Amino acid sequence: MRVGWIGLGNMGSGMAANLLKGGHEVTVYNRTPSKAQALVKQGASYAARVADACRGEAVITMLADDSAVEGLVFGDEGVVRSLSKGGIHVSSSTISVALSERMAVAHAASGQRFVSAPVFGRPEAAAAARLFIVVAGAPDAVDTCMPLFEAIGQRTFRFGENPPDANLVKLSGNFLISSVIEALGEALALVGKAGLDRRQYVDFLTSTLFNAPVYKTYGGLIADKQFEPAGFAAPLGFKDNRLVLAAAETLRVPLPLANLVYNRFLTLLAHGGESLDWSAISQLAAEDAGESALPKRAA
């Protein structure tokens, strides 16, 4: 399949590489051209402009936030203006429900198809093609894209024909992960201040009632205080909690725990934690308990 790829950050680079490994013809664009060099060496074509990445059957965007997506999708030479009629835009970015709705309308008006396909998994899962993909869009468009999803993930979950629904699922999932991080941080602050071994405690949890990837991954990071390099940076976690609260406000759904976690991220950023992994919010509970200082910004 001829596909364009826009966005080569921590997640996008590994995902695009797996499309190449899957035999797809990939054209890559990134605002920092040097990030495309490794993929070009693996067989990708380089796009000097967004429009040049929109010449195939589909184009996938994997960008940091709403602002980045808006600029590259709705710009003068952006995806909406460059994609052919019948072409498919697959958005794998974690964005607001409102922006997803706006893109769905814009693509339909241009005779194009839009599929939301955000993913669950950290950069190591992206590189290993072990992501979980949440998809919503017109059935024919999703069917066309299934070979792409099979190349980058271990399983694809379809959530109907309305693209924003996939974005809501993604935001709600990230809210749950951040809630687990907060809960682990509080529990580890408790046992740590009592003098128990934090790593032994996490091993106990993840070998019994909490034998799940999210507890294993983040329990280990928190116990070892391994917050750099960031697999998922704290500002992105803050952004996702803000977006889930915006969706909840629209739907009139109170989310008390999401508000707590939102303020945890705000506190971490206020203390200079922009470069840290989002799991660093766990250390705020230890700080509250007088156990240890917040992690410092890397030099």
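The values are calculated or read from the model by the stated rules, or taken from the named source; none is laboratory data. Given the structure is predicted, the values throughout are model-derived calculations rather than measurements. Please note: Cβ atoms are built from the backbone with ideal geometry, for glycine as well, and neighbour counts cover all protein chains shown.
Screening E161 on (1) surrounded by fewer than 21 Cβ atoms within 10 Å (Cβ to Cβ); (2) farther than 25 Å from A247 by Cβ; (3) not hydrophobic (A, V, I, L, M, F, W, C) shows it passes everything except condition (2). What number goes with the only condition from (1) assigned by TED's automatic domain parsing to the domain that holds L251; (2) in contact with a helix residue (DSSP H, G or I) (Cβ under 8 Å, 6 or more places away or on another chain); (3) closer than 21 Å to W278 by Cα that L131 does not pass? (1) is the only condition that L131 fails. Of the helices (runs of 4 or more DSSP H) lying entirely inside the range 1-100, those containing at least 3 residues that are surrounded by 17 or more Cβ atoms within 10 Å (Cβ to Cβ) are 12-21, 66-74, 79-82.
Scoring R198 on the criteria (1) surrounded by fewer than 18 Cβ atoms within 10 Å (Cβ to Cβ); (2) farther than 20 Å from F238 by Cα leaves a single failure, condition (1). Do the conditions hold for S110, that is, is it within 28 Å of P229 (Cα to Cα), surrounded by fewer than 22 Cβ atoms within 10 Å (Cβ to Cβ) and of a type in the set (S, T, N, Q)? No: the conditions fail for S110.
Set side by side, the residues A129, A151, A125 differ, and just one is more than 17 Å from H107 (Cα to Cα), assigned to a helix (DSSP H, G or I), over 14 Å from the mean Cα position of the chain (by Cα) and small (G, A, S), which is A151.
Of the helices (runs of 4 or more DSSP H) lying entirely inside the range 173-281, those carrying at least 3 residues that are among the charged types (D, E, K, R) and not assigned by TED's automatic domain parsing to the domain that holds P123 are 198-207, 234-251. Has the range 290-299 got at least one residue that is outside the structural domain of P123 (by TED's automatic domain parsing), modelled with pLDDT of 95 or more and more than 20 Å from the chain's Cα centre (by Cα)? No, there is no match, as no residue in the range 290-299 is outside the structural domain of P123 (by TED's automatic domain parsing), modelled with pLDDT of 95 or more and more than 20 Å from the chain's Cα centre (by Cα). In the set L269, L255, L260, L251, only one residue is of a type in the set (A, V, I, L, M), surrounded by 14 or more Cβ atoms within 10 Å (Cβ to Cβ) and within 28 Å of P164 (Cα to Cα); that residue is L255.
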